[in-house]
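The values are calculated or read from the model by the stated rules, or taken from the named source; none is laboratory data. The structure presented is a predicted model; accordingly, all values stated were derived computationally and were not measured. Here the Cβ positions follow ideal geometry from the backbone for every residue, glycine too, while neighbour counts run over all protein chains shown.
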């Protein structure tokens, strides 16, 4: 395994292990999505709350979408429905 561990995990002895701080961010993403927030609004809200990505200064809607998509695939619930840009809001 090479590169950077996916968001929510860190590498330890060649294994992926849950990263508590990042898992809390993932949980918050799920809460906001369940409340009907768009991907863009989730990213903005997390940034406003001071939650940061593994690299970079700010979370972006694309990153939020990728994290949520991976979760849906891992849970066997398939790919989440993508929102048209007109529904994404700010």
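So the values come out like this:
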read-out: Residue 34 being touching a strand residue (DSSP E or B) at 6+ places or on another chain (Cβ under 8 Å) and modelled with pLDDT of 80 or more; value: no
read-out: Residues that are at pLDDT 80 or above and either over 13 Å from the mean Cα position of the chain (by Cα) or within 11 Å of residue 25 (Cβ to Cβ) (or both), drawn from region 48-72; value: 48, 49, 50, 51, 52, 53, 57, 59, 63, 64, 67
